Amino acid sequence: MKITFLLTWGDEMGGTEMATYTQAAHLAPRHDVEVLSVLKTREEPFFTAGRAIPRRYLVDRTGPYGRPVRDSGLDEQACRTLTSLPSELIKPAWEATFDRLTDIEMTAALGALDTDVLVTTTPALMAAAAELVPSRVITVHQEHRASQLRGVSGEPLLVYAPRIDALVSLTERTNDWFADSLGATAPELTVIPNAVPSGFRPRSDLDGKTVVLAARMTPEKQLDHAIEAFATLADQHPDWTMRIFGDGPQEVRLRRIIDGLALHDRVELLGRSPEMEQEWAKAGLALLPSRNEAFPLVLLEVFAAGVPVIAYDIVTGPAEIVRHGVDGLLVPAGDKDSLAVAMDKLMGDDETRRAYGRAAREGVHERFSAELITARWEELFTRLVARREDPRRLADRADRTARRIAAGGSRSFNVAAPISVLSGSADEQKAREVLLQAQDRTGALVRSAGRLAEVRDDVLAPRMAEWNLEIATSALTAHGIPYVLLRDGGTSYRVAVEVERREQVLEALAAELHGKPVYAELITPRGAAPGAVLAERLREAGDVAGLRVFKPLTTESRTLRYGPAFGCTVEFWTENAEDEEMPGWRSTPRGSTLLGPRLPSLEADATLRVGERDHPTLAGFTDRLMWDVTFPIDVVYTWVDDSDPEWRARRDAAKRAAGLADGGADSGDVRFRNRDELRFSLRSLAMYAPWVRNVYLVTDDQTPAWLDTSQPGIKVVSHREIFDDPALLPTFNSHAIESQLHRIDGLSEHFLYFNDDVFLGRPLTPRSFFDGNGMAHFFRSPTAVPPSPLAEDDEGYFAAAKNNRGLLQREYGRTATHGFLHAPHPLRRSVLAEIAEKFPEEITATAASRFRATTDLSVASSLHHHYGYLTGRSTPASLTCSFVNAGDYAHHTRLSRMLATRSHGVFCIGESADAEVPADEQDRVLRAFLSAYFPVRSPFERS
């Protein structure tokens, strides 16, 4: 069998290159194996293993300019021109090194590729292969990173995966994410980890008192954590030193840290080493403090040398290799204190360290030997090649591609499952989960994000947080364990229990939740591995600072998942026995509360109601605290359905009467286009802002067919109810409508103004929009209002902003330079009324313009904030906010990332007038995205 591995740069030092050459070397004795490298950057590959593998190159970059490796008649000028032009085959955001010359050479080489199997090694190369490789070639992508954490460079994975034969992940967690994200569009998905490189590898005798790390010096590797943790132990272990191999952009910073900690004689930065196996043989302990890894080959090297490892328990990688308490230790990700505790344990206990080292060397060969891993690759390749001529192969590929498009995929967008930051279950727990799933009679339990989850499409986030609180506290109550419900201003719940009752709590949760798919994330464990364990296994948790109890839920689409973020945290509070100033007080093991990190006792003397249940608390938590927002907050939407023929007739008649022609940014088609965004914006409110009192929908006598107006908390308001002069109607000017919002009957003093294309992306609190004293927030945009005078051809937004600026200059002598984010606008009704009273001519002129005019003010979205600031009723604030232009293919990438990360508090999906994406494709993509982001219906939708 002929097997070709495709690398971007086969000569460089990197985990992808090392893993590829290792795999190629293992396959070479029985197959015709070659490496095809797009770029030649050295005379010989950095890795010795690469020099024994046949290699071909496409573009030579060893000289002053790139040039084809093949015989070519291109002169220097042509080559320089081509290398200066951006790639058209591979987006620069995917991988910036490609250019027009690499496009030409890849098109020629891949289009004529004569091989049985092509293995791509980056998402960008996978995209190129899907476009260029002949159909008879089996295409397999080997993903070398934690794909769910890639960001924009991972975009091709979901877009092009349906067009290849197989997608191979290094870990179960990444494979699960592909399965959830791709669904029926997935090619064959399988997991094959890296193998231990073959050949003799010297073994460490562990006599050396040296902590060794090997990593690129980038922020992702967090080498500063290792140095700082070592600094806290240096005096206790004076015979130990630290050696760090690698280079990178953070080298200068790391040297400064070392000098600042006076460790210049204890910590060495030694640059790259092509023979790390010799360095591992001198090590006594290895560290891996990375923020992200896929399946770090460096750990296999370390274990092959018989050296134990301490690693952060991140999403993927270390937990698949390190067996906690057997051949190394896992500590909570990013926790430098826990890292230092683990280092202290192994640096001070030679016997345990040697036992771990022996287990590491024996276990790595049993689990990741070349023979075992190579056999799995050969089985996959053989099976795929055997069906190469099967007509169904290409038909299935076409069906997968068609399903992706039908499900809303575009050339830049594909539905993505959310990322889980917890590592998956270990083998023993996984076996128990299999049994629990088999015993489930409802069929609602599935594996998702590495653990069991119940499938439900009817649970909103606030209810999930309440549910987890009930699960945890019911177990405590059943066993007579007192607790106190805390307040910290968050959106999930925390309870405090005296640390002396920790064993009772673990027993109670284990007993009450036995056989149930409920988990507990261990907070600062001092013995057990970090991560989430089935609650029934909590008796083995040992010394922990707390637990985050949660019942995993996922929707049928797998695009919404409830995990530990909505869990109930049970904290074990310690007594300040030696504190003379606060004897008997209790301290939180983490964070703080609205009353501070210490409390005089945990004896409840009040209750707090959550949902339908009262929970014991301290009286201080029931007080009206200084920063609490206790006033009602409403929401106002302005909405129009542009597909309504009666509304269109009214608009067209008004245009004719005004002498206006169709066309242009302010003609209405783009701004008025209805894609059912309101439905999903209301879902976002129900999901992430349950504190909203009432929603007012301001329309031109239109009501969405799906809206259930009989539900409490929703009211449709006609323009006729808020415009004092009926002669001004109908109006098609959003500025005019916004100028009258303060006239809504029953509207609260404090409210949020939403456009229907604005959505909440994660849980927010009232304090995100208002201070406890009633001050309204505003969110400044980086976009400046042009400093030029008002002109007739100004776009409506900028014309209104310039009019606002002129008014403020006239009245207050202040110049407004910037607008505001596309976000909910926190408004005060009294401020709007005051503006209308203070500037009656301007407001009347705005209200009288049936279509946007150069005389408009933008009252609700801009003038209110500036006027409120100048009169002491509004204040600047920040909010994580993103704007997506649905008409720009480049912005579709953001949609996939937003689904996976759910990291923005607010986002807006708009459309430019000169959109490159056809309207029907925009409709399809946005509906797919919004249905995936907000799959749970709001109470305002008809059943």
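Read the figures in this text as sums done on the coordinates, not as results from a lab. Treat the numbers as computed from the prediction; the structure is a model and nothing was measured. Quick reminder, even Gly has a Cβ in these numbers, built from the backbone with ideal geometry, and neighbours come from all protein chains shown.
Numbers at a glance
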item	result
Over region 487-528: Rg over Rh, Cα atoms, Kirkwood Rh	0.99
Overall form of region 210-365 per C-alpha gyration tensor (a/c, 1.5; a/b vs b/c)	rounded
Prolate/oblate/rounded label for region 47-92 (Cα gyration tensor, a/c 1.5)	prolate
Rg(Cα) / (2.2 N^0.38 Å) computed for region 1-139, rounded to two decimals	1.01
Cα lying deepest toward the dipole's positive end in the chain, options Ile321, Val544, Leu602, charges on Cβ	Ile321
Sequence-distant lysines (8 or more away, or on other chains) whose Cα lies within less than 30 Å of Lys2	Lys40, Lys91
Selection from Phe839, Gly334, Leu39 lying farthest towards where the dipole of the chain points positive, charges on Cβ	Leu39
Region 97-248 pair-distance distribution - Cα-Cα, 5 Å bins, rounded %	1, 8, 13, 14, 13, 12, 11, 9, 7, 5, 3, 2, 0
Projected-area mean, region 494-568, by convex hull of Cα positions, square nanometres	5.2 nm²
Among beta bridges that DSSP assigns inside region 633-933, antiparallel share in %, nearest 5	30 percent
Rounded if a/c under 1.5, otherwise prolate or oblate - region 309-413, Cα gyration tensor axes	oblate
Cα-centre dipole for region 417-466 with unit charges at Cβ (Lys and Arg positive, Asp and Glu negative), debye to 20	60 debye
0 to 90° range, to nearest 10: angle between helix 502-512 axis and the chain longest Cα axis	80 degrees
Among beta bridges that DSSP assigns inside the chain, antiparallel share in %, nearest 5	35 percent
Region 633-933 - charge dipole about Cα centre, Lys and Arg +1 at Cβ, Asp and Glu -1, debye rounded to 20	1060 debye
Partners for Lys838 among lysines (Cα-Cα distance below 23 Å; same-chain residues under 8 apart left out)	Lys802
Karplus-derived HN-Hα couplings along region 599-604 (A = 6.51, B = -1.76, C = 1.60, θ = phi - 60°), whole Hz, x at Gly and Pro	10, x, 6, 10, 8, 5
Largest-first principal axis extents, alpha carbons of region 633-933, Å	49, 48, 43
Unit charges on C-beta of K, R, D, E only; dipole of the chain, Debye	900 debye
Residue among Ser412, Val302, Gly531 farthest towards the positive dipole end of the chain, charges placed on Cβ	Ser412
Diffusion coefficient, µm² s⁻¹, Stokes-Einstein with Kirkwood Rh over alpha-carbon pairs of the chain at 4 °C and 1.567 mPa s	41 µm²/s
Region 427-622: equivalent-ellipsoid semi-axes (sqrt of 5 x gyration tensor eigenvalues, Cα, Å)	30, 19, 14
Computed E for Ala375/Ala28 - FRET, C-beta separation, R0 22 angstrom, nearest 0.05	0.90
Thr97-Gln437 pseudo-label distance in nm [points 7 Å out on the Cα-to-Cβ vector]	3.8 nm
Exceeding the 26 Å Cα-Cα cut-off - candidates Lys209/Lys336; Lys345/Lys516; Lys221/Lys282	Lys345/Lys516
Relative contact order %, the chain, counting alpha carbon pairs below 8 Å whose residues are six or more apart	9 percent
